[in-house]
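Written below as structure tokens is the structure these notes are about.
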Amino acid sequence: MRRILITTPIYYVNDKPHIGHAYTTLVADVLTRFFRMQGKEVFFLTGTDEHGAKITEVAEKAGKTPKEICDENSEDFKKAWQNLEIKYDYFIRTTDKRHEEAVKKFLEKLKEKNAIYEKEYVGLYCVGCEKFLTEKDLVDGLCPDHKRKPETISEKNYFFKLNLKAVGELIKTKKLKILPCRAESEVLGLLNQKLDDFSISRQKERVKWGIDLPFDKNQTTYVWVDALLNYISAVGYNDNEEEFKKWWVDARVIHLLAKDILKFHAVYWPAMLLSVEIKTPDEEFVHGFFTINGQKMSKTLGNFIDPNDLVKKFGAEVTRYLLLSQFPLSQDGDVKEEKFAEKYNSDLAQGIGNLVSRVLALGEQYGKQIMVQCPDPDLTIKYFNDYKKQMEEFRFNDALATTWNLISYCDKYISDTKPWEKISDEKEFQKILGELIYMLGNISLMLSPVMPKTSQKILGFLKLQGISKQDWLLQKVSLEKQPALFPKNEL
Ligand code: MSP
């Protein structure tokens with residue numbers, strides 16, 4: 001079975017974590033848990049992108065050194081992920097020595113392969129984006145995302161020879177799958193437009209806070225080249241051949257990102273890897289963008305929702321549910337904070353909690369052992385298969401909707417069968433409650449990637465015998481074999 005490497009973009013440390021960053025990281029966490037539930041080996045990588053002129057700017061304003069700002073702000077990301085119960089396997093920082101060494105090795109390789117050359121460059125540079133913009137990109141002379149005027153810059157840089165044909169081949173042959181297909185078309189469109197070679201270095205005078213080029217001390221590595229390389233430096237590219245083979249070369253590599261950084265991931269990154277003959281990623285999933293009143297969220301614009309505030313208000317598990325159930329993963333959505341409270345009341349306060357307490361109350365009233373029974377195998381398997389397919393297609397909001405449909409089914413089942421009137425009819429009562437427990441067990445399994453603790457709690461309440469909660473929730477449970485999982489149990 002193929003191991004899986006799941007990555008998020010590494011986040012800029014000049015911003016505080018907002019719900020956009022939280023969304024991608026949460027998706028990675030949920031996918032990791034879902035794959036592990038099926039017994040797959042997964043490595044979940046996230047981290048922070050810490051070099052570039054922007055950090056120097058922020059540090060100067062704060063009267064601190066760039067390193068101090070990076071240390072403080074990368075901690076904010078770690079804390080936010082901890083608050084959201086996100087469990088990554090490795091948190092990379094681009095200021096880690098290990099990463100810096102790997103970048104240098106890669107740059108040497110580029111030089112060896114004759115994949116770079118020197119050239120004088122004049123362009124419009126937005127420090128907010130850390131990239132050159134064209135006149136076409138500007139709105140009223142300003143960067144549309146950062147509302148600031150780009151600087152005109154002229155300097156000598158090293159350029160990377162971009163082989164668009166090779167990247168096009170990768171994508172067309174699906175060796176690199178870009179999902180959803182809208183994103184793939186966008187990339188193919190970009191390739192047709194003929195993109196220029198891109199510069200991989202900056203003059204050190206202008207961008208000091210970066211990794212020196214190993215072959216030219218007057219230049220620092222362009223922050224995007226530095227950042228993309230995190231995906232391989234984190235899994236041993238420079239210092240652990242065995243690990244690199246295990247988690248990059250032989251693994252199924254899935255990058256998660258939003259459309260703002262598609263060109264870097266789907267064109268520049270595979271082109272860089274191809275030029276030094278390193279395996280390219282297998283899949284890139286491009287999710288939608290949260291906007292607030294139609295505008296991109298950022299600290300610079302002061303319009304962001306802090307995931308820590310949501311956790312304080314709703315708790316980690318509910319926040320996870322609320323973030324993932326807002327929109328289909330692949331679509332953009334305008335977020336309003338009130339929407340979270342509305343959804344909380346409609347889905348959670350009156351949904352799952354209510355069902356669990358109804359079933360538990362019936363069990364307590366009855367007071368005897370209940371045999372778990374499978375209600376209608378076709379029906380439960382259908383719910384389960386739908387759920388599994390939706391999760392595999394990254395349609396988390398649909399998978400949650402399927403879970404909630406099963407919850408509604410159970411509610412209706414209780415109202416229709418009126419078990420409280422049947423306590424004296426043991427056979428009938430056993431059947432109804434046994435079936436409800438079966439379905440609740442399934443519901444908790446379906447909930448576990450998004451709401452792991454709630455899921456554990458439900459299983460704990462059900463006091464299932466002969467099968468451990470761990471078996472239910474993690475590695476050992478094969479989703480296809482569900483119905484076989486219900487031996488004699490008691491409530
Ligand atoms: N540092 C670069 C990425 C380098 S990866 C080698 C960067 N950082 S970022 O902090 O701006 O994060 C961008 C990513 O954060 C997006 O691609 C997306 O995954 C997530 N999001 C940031 N804002 C978002 C929204 N408003 N909505 C959804 N996701 C967003 O770009």
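Every number here is computed from the coordinates shown, using simple stated rules; none is lab data. If you're wondering where the values come from, they're calculated on a predicted model, not measured in any experiment. Cβ: placed from backbone, ideal geometry, glycine included. Neighbour counts: every protein chain shown.
Segment 155-210: which trypsin sites (Lys or Arg not before Pro) are DSSP loop and have at most 16 other beta-carbon atoms within 10 angstrom? Working shown, then result.
Details: sites: Lys156, Lys161, Lys165, Lys172, Lys174, Lys175, Lys177, Arg182, Lys194, Arg202, Lys204, Arg206, Lys208; in loops: Lys161, Lys174, Lys175, Lys194, Lys204, Arg206, Lys208.
Listed in order of number, the matching sites are Lys161, Lys174, Lys175, Lys194, Lys204, Arg206, Lys208.
Which three lengths, in whole Å and largest first, does segment 128-178 cover when its Cα atoms are put on their principal axes?
40, 27, 17
Two decimals is fine: what is log10 I(q)/I(0) at q = 0.12, 0.14, 0.20 Å⁻¹ for segment 148-246, from a Debye sum with one equal scatterer on every Cα and no solvent?
Normalising to I(0) and taking log10 leaves -0.60, -0.80, -1.14.
Where does helix 426-447 land angle-wise versus the long Cα axis of the chain, in degrees 0 to 90, nearest 10?
0
Per the Kirkwood treatment, what hydrodynamic radius in Å, one decimal, follows for segment 229-359 from the mean inverse distance over all distinct Cα pairs?
Values: mean 1/r = 0.0556 Å⁻¹.
For segment 229-359, the Kirkwood estimate is 18.0 Å.
With the Cα gyration tensor of segment 49-132 in hand, convert its eigenvalues to equivalent ellipsoid semi-axes via √(5λ) and list them largest first in whole Å. Don't jump to the answer; show the numbers that get you there.
Numbers: eigenvalues 163, 84, 30 Å².
Working through the eigenvalues yields semi-axes of 29, 20, 12 Å.
Hull surface divided by four, with the convex hull built on the Cα atoms of segment 271-327: how many nm²?
Working: hull surface 26.8 nm².
For the Cα atoms of segment 271-327, the hull's average projected area reads 6.7 nm².
Taking loop as defined by DSSP and a crowding limit of 11 other beta carbons within 10 Å, which trypsin sites (Lys or Arg not before Pro) in segment 1-79 fit? Write down the numbers at each step before the final one.
On the way: sites: Arg2, Arg3, Arg33, Arg36, Lys40, Lys54, Lys61, Lys64, Lys67, Lys78, Lys79; in loops: Arg2, Arg3, Lys40, Lys64.
Filter output for segment 1-79: Arg2.
Can you tell me the dipole magnitude for segment 373-440 around its Cα centre, using point charges on the Cβ only (Lys, Arg +1; Asp, Glu -1), in Debye to the nearest 20?
On the way: 9 positive and 13 negative charges, 18 e Å.
In total the dipole reaches around 80 debye.
May I ask for the percentage of alpha-carbon pairs in the chain that lie more than 31 Å from each other?
Tail fraction, whole percent: 49.
Counting only DSSP beta bridges with both residues in the chain, tell me the antiparallel percent, nearest 5.
Numbers: 23 of 47 bridges.
Of all bridge pairs located within the chain, approximately 50 percent are antiparallel.
Relative to the compact globular guide of 2.2 N^0.38 Å, what is the alpha carbon radius of gyration of segment 302-390, as a ratio? Before the final figure, lay out the partial values.
Numbers: Rg = 17.9 Å, N = 89, 2.2 N^0.38 = 12.1 Å.
For segment 302-390, the normalised Cα radius of gyration comes out at 1.48.
Out of segment 86-125, which trypsin sites (Lys or Arg not before Pro) are coil in DSSP terms and have no more than 13 other C-beta atoms within 10 Å?
Numbers: sites: Lys87, Arg93, Lys97, Arg98, Lys104, Lys105, Lys109, Lys111, Lys113, Lys119; in loops: Lys87, Lys113.
Taking segment 86-125 and a limit of 13 other Cβ atoms within 10 Å, the loop trypsin sites (Lys or Arg not before Pro) found are Lys87, Lys113.
As a footprinting exposure proxy, order Val187, Val139, Val450 by other Cβ within 10 Å, with the fewest listed first. Display every interim value, and only then the final one.
Working: Val187 21, Val139 9, Val450 24.
Lowest count first: Val139, Val187, Val450.
Lone cysteines in the chain, going by a 4.7 Å Cβ-Cβ cut-off?
Flagged as lacking a Cys partner: Cys70, Cys181, Cys374, Cys410.
Given DSSP loops and a limit of at most 13 other Cβ atoms within 10 Å, what is the longest stretch of the chain that contains no such GluC sites (Glu not before Pro)?
Numbers: sites that count: Glu205, Glu277.
With GluC sites (Glu not before Pro) excluded where exposed in loops, the chain gives 278-491 as its longest stretch.
Could you give log10 I(q)/I(0) at q = 0.16, 0.21 Å⁻¹ for segment 96-206, computed by the Debye formula over C-alpha point scatterers of equal weight, without solvent?
Result of the Debye calculation: -1.04, -1.24.
Taking Cα centroids, how far is segment 432-453 from segment 84-149 in Å?
45
Quick check: net charge around Asp376, other residues with Cβ under 11 Å of its Cβ, Lys/Arg +1 and Asp/Glu -1? Write out the running numbers ahead of the final one.
Working: positive: Lys382; negative: Asp378, Glu435.
Once positives and negatives cancel, what remains is -1.
For Cα pairs less than 8 Å apart in space and 6+ apart in sequence, what is the mean separation divided by the residue count of the chain, i.e. the relative contact order in percent?
Once divided by the residue count of the chain, the mean separation gives 18 percent.
Along its principal axes, what span do the Cα atoms of segment 211-300 show, with the longest given first and each in whole Å?
Projected onto the principal axes, the Cα atoms of segment 211-300 cover 47, 38, 21 Å.
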